Structure formats: C-alpha cells, structure tokens
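Please read the structure below before turning to the comments.
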Amino acid sequence: MQRGTLFENVIFGEVICKAFFRQHGQSMGIKYAAYFNEDGGIPLVTLALIATTVHCAINEWDAGVHRNVDFTEIEYGPLYRSYLSTLEDWRRFTSTCSETTKKLQQRILSNCRASAGATIQKVHGRGPVLDMAVFEANEPL
C-alpha cells in the first residue's frame, strides 16, 4: 500500500454517492443531511458499512465465479465492528498530527454533495457555507 492511501480507494466515494447522493432533493444524503455529516464529513459508521459491503461483494466472487452471499448481521456484524474500530483508531491517531481521517471524510462528503448538485450547505445559525467542491471549481487552472 502506498503511504497516505488508507481507505482512499475510489470505491468508497462511488458507492456512497450512488447509494445516498443520487439526485438533489431526492437523495437520502441530502434529505437527511444530518445523518450523513459527522464533523463536516461522511460518518465513520458509513465508511465502515461500505468497507463491509465491499468485503461481502469480494466474497461473492472468491471462487472465481459469482455466488450469492447473504449480507446478514450474524455473518458480517463482527467484520463491520472491526472496520469501525479500525477507523476510530485511525481517526484518533491522525487527530494529533495530519487529520487525514477527517480530511478524507470531508472530501467524500463534499464530492458526494457536489455530484448530487448540492454544493452549498446551510449550517444552523451560520447561513450558507461553501464546501471544498466550490473552492476547487473556482481555482485558476
């Protein structure tokens, strides 16, 4: 693994966008924005869920041919809790130095909101706040 790429695979953002941020106004991630925002980024529980579902999808092809695998709490609950614990440990570690975990969470949320057409986010009591997607789009080439 290359340094600085932990949990950086594009599958995380792609799955979150497709599952929760499809269309502005209709997306769960927009309608229920508070549930998809932890300190300005995608919650760790969501990242752990995506890691677990990707693990399940890989298991469906582990013999080289597709077979259905039930995604159940009994089968995948312990794995989910392990991923969540790992992510929480990583956040604690990076909070004292690079804040890499927080930046990843923020980047994924910003990208997903932008893909759903929601680049301005209202923060209670502060008015509209522009997110990173707006700043990046405004940078000179």
Collect the residues in segment 58-68 that are closer than 23 Å to residue 13 by Cα and either surrounded by 14 or more Cβ atoms within 10 Å (Cβ to Cβ) or of a type in the set (D, E, K, R) (or both), keeping them in residue-number order.
59, 60
Would you be able to say whether some residue in segment 69-81 is among the small types (Gly, Ala, Ser), on the phi > 0 side of the Ramachandran plot and more than 12 Å from the chain's Cα centre (by Cα)?
no
Which one of 69, 65 is touching a Cys at 6+ places or on another chain (Cβ under 8 Å) and more than 18 Å from residue 105 (Cα to Cα)?
69
Restricting segment 32-49 to residues that are over 20 Å from residue 99 (Cβ atoms) and surrounded by 13 or more Cβ atoms within 10 Å (Cβ to Cβ), the one modelled with the highest pLDDT turns out to be 49
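The values are calculated or read from the model by the stated rules, or taken from the named source; none is laboratory data. It should be emphasised that the depicted structure is a prediction, and the values quoted were computed from it without experimental measurement. Backbone-built Cβ (ideal geometry, glycine too); neighbour counts: all protein chains shown.
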